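J.: One structure, pasted below without further comment.
The values are calculated or read from the model by the stated rules, or taken from the named source; none is laboratory data. In this text, all values refer to a predicted model and were calculated from it rather than measured experimentally. When we count neighbours, we look across all protein chains shown, and the Cβ atoms used for this are built from the backbone with ideal geometry, even at glycine.
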Amino acid sequence: MKTIKLKRMGVIMAPQEGNELEIEGVLNPAAVRGPDGELYLFPRLVGKNNYSIIGIAKVLFNQDGDPVGVERLGVALEPEVDYEKRPDGGGGCEDPRVTFIESLQIYVMTYTAFSPNGPRIAIARSKDLMHWERLGLATFEPYEHIEFNDINNKDACLFPAPIISPHGHPSFAMLHRPLFPGTSPEDLMKRPHDHEIRLHHECIWISYCHIRKEHHPSGHLPKFASNQPLAIPQADWENIKIGAGTPPILTKQGWLILYHGVKETGLATTGRQQLSYSAGIMLLDKDQPHQILYRSPEPVLSPDLPEEQVGTIANVVFPTGIDRRDDLGMPNRFDIYYGMADDRIGVARLDLPEDLV
């Protein structure tokens, strides 16, 4: 079995001195190539009292093609509608992922909207990456006895091409991480052998939005259905919870995603549970992505650097953006953009082996 490790390339973005929008951190960016071929990041910018907006930045490269910095271009989304705002003046548009849907020639952003009801998955779209139209909150059909719409949900990302659902319908497929009541890391530690928690605690789900011929007016989204767990925590390094990270990208071996896994490392000085976030990779079947072809037995990136160990949240690497380096003629090379301790953004390189599966 090959051992895969990402090669760190450094910090790509850190809070800008004197910028009130970033006073509490820049983190967890989407990454996508624009119509002009340039690479754009959509970082979460955190202001005072954890007030989060989604910025826009263009990635700058050196002569060798390595990312070395960013040019800030403005704001993509900030809390404006009810499902993004709280009565106390807080709120958030957080942790975006952006996918270019080639069949529609449109960019779709999934992000976490933080309202009084808690975090929910919101969706927006754009033709040019600079101007975004909100489509509202994602809604779901029930799964067995489980109702999705009134529970917290995060870490959503879309496949860029239609997928055939388990019921045989061409669909837009989404990965996400519902947070069912009673299944938090704290609950898991209290009841480690509870089967219901083990079955449905924080893990990666896949859901499908059936593509229909009839026109859906702006702002109206059909429900996601055929919901099912994709992967639950498995290895020691991810035994508390896992969640989707980078949007799926198609390779010769299947759909590639990087995901985050969380383990307990003991108690912090405050007496609270201390967690460590690492990153792994999965390869999913091209035609049936609910089937996992490969999964990291060990993390490909762990919080080993000071910038990853000390920050707003200690010991966090959190992959959210991926860029295949077709521009360098290297389709098996991927630059991974990730949050570092919920404070800044790093980039690391993945060279995917040809014979991984």
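J.: With touching a strand residue (DSSP E or B) at 6+ places or on another chain (Cβ under 7 Å) and closer than 20 Å to ILE336 by Cβ as the only criterion, which of LEU73, LEU6, LEU77 stands out?
T.: On the way: LEU73 fails: closer than 20 Å to ILE336 by Cβ; LEU77 fails: closer than 20 Å to ILE336 by Cβ.
Result of the check over LEU73, LEU6, LEU77: LEU6.
J.: I would also like to ask the following. Of everything in the stretch 106-138 that's at pLDDT 95 or above and of a type in the set (S, T, N, Q), which residue is farthest from PRO29 (Cα to Cα)?
T.: SER126
J.: Give me a count of the residues in the stretch 100-116 that are among the β-branched types (Val, Ile, Thr) and either closer than 14 Å to LYS127 by Cβ or not in a strand (DSSP E or B) (or both). Give the steps one after another, and end with the answer.
T.: Of all residues in the stretch 100-116, those among the β-branched types (Val, Ile, Thr) come to 101, 106, 108, 110, 112.
Those still in the list that are either closer than 14 Å to LYS127 by Cβ or not in a strand (DSSP E or B) (or both) too: 101, 106, 108.
Within the stretch 100-116, residues that are among the β-branched types (Val, Ile, Thr) and either closer than 14 Å to LYS127 by Cβ or not in a strand (DSSP E or B) (or both) number 3.
J.: Can you pull out every residue in the stretch 46-60 that is surrounded by fewer than 16 Cβ atoms within 10 Å (Cβ to Cβ) and either over 23 Å from the mean Cα position of the chain (by Cα) or over 28 Å from ASP36 (Cα atoms) (or both)?
T.: Answer for the stretch 46-60, where residues must be surrounded by fewer than 16 Cβ atoms within 10 Å (Cβ to Cβ) and either over 23 Å from the mean Cα position of the chain (by Cα) or over 28 Å from ASP36 (Cα atoms) (or both): LYS48, ASN49, ASN50.
J.: Taking the stated definitions as given, is LEU188 closer than 18 Å to GLY243 by Cβ, touching a helix residue (DSSP H, G or I) at 6+ places or on another chain (Cβ under 8 Å) and modelled with pLDDT under 70?
T.: Values: closer than 18 Å to GLY243 by Cβ: yes; touching a helix residue (DSSP H, G or I) at 6+ places or on another chain (Cβ under 8 Å): yes; modelled with pLDDT under 70: yes.
Taking the combined requirement at face value, the residue satisfies it.
J.: Let me ask something else about it. Scan the stretch 128-139 residue by residue and report those that are over 19 Å from the mean Cα position of the chain (by Cα) and either free of Cβ contacts under 8 Å to residues at least 24 places away in the same chain or surrounded by 17 or more Cβ atoms within 10 Å (Cβ to Cβ) (or both). I'd like the intermediate steps shown before the answer.
T.: The first filter runs over the stretch 128-139 and keeps only residues over 19 Å from the mean Cα position of the chain (by Cα), leaving 128, 130-131, 133.
Across the stretch 128-139, the qualifying residue is only HIS131.
J.: Consider the stretch 78-125. How many of its residues are among the basic types (Lys, Arg) and within 13 Å of the chain's Cα centre (by Cα)?
T.: Quick first cut of the stretch 78-125, residues among the basic types (Lys, Arg) only: 85-86, 97, 120, 125.
Within this subset, residues satisfying the condition of being within 13 Å of the chain's Cα centre (by Cα) are 97.
Summing the residues that are among the basic types (Lys, Arg) and within 13 Å of the chain's Cα centre (by Cα) in the stretch 78-125 gives 1.
J.: What tally of residues in the stretch 8-19 results from selecting those that are in contact with a Lys or Arg (Cβ under 9 Å, 6 or more places away or on another chain) and loosely packed, with under 11 Cβ neighbours inside 10 Å? Walk me through how you get there before you give the answer.
T.: Of all residues in the stretch 8-19, those in contact with a Lys or Arg (Cβ under 9 Å, 6 or more places away or on another chain) come to 8-9, 11-16, 19.
Filter once more, keeping what is loosely packed, with under 11 Cβ neighbours inside 10 Å: none.
So the answer is 0.
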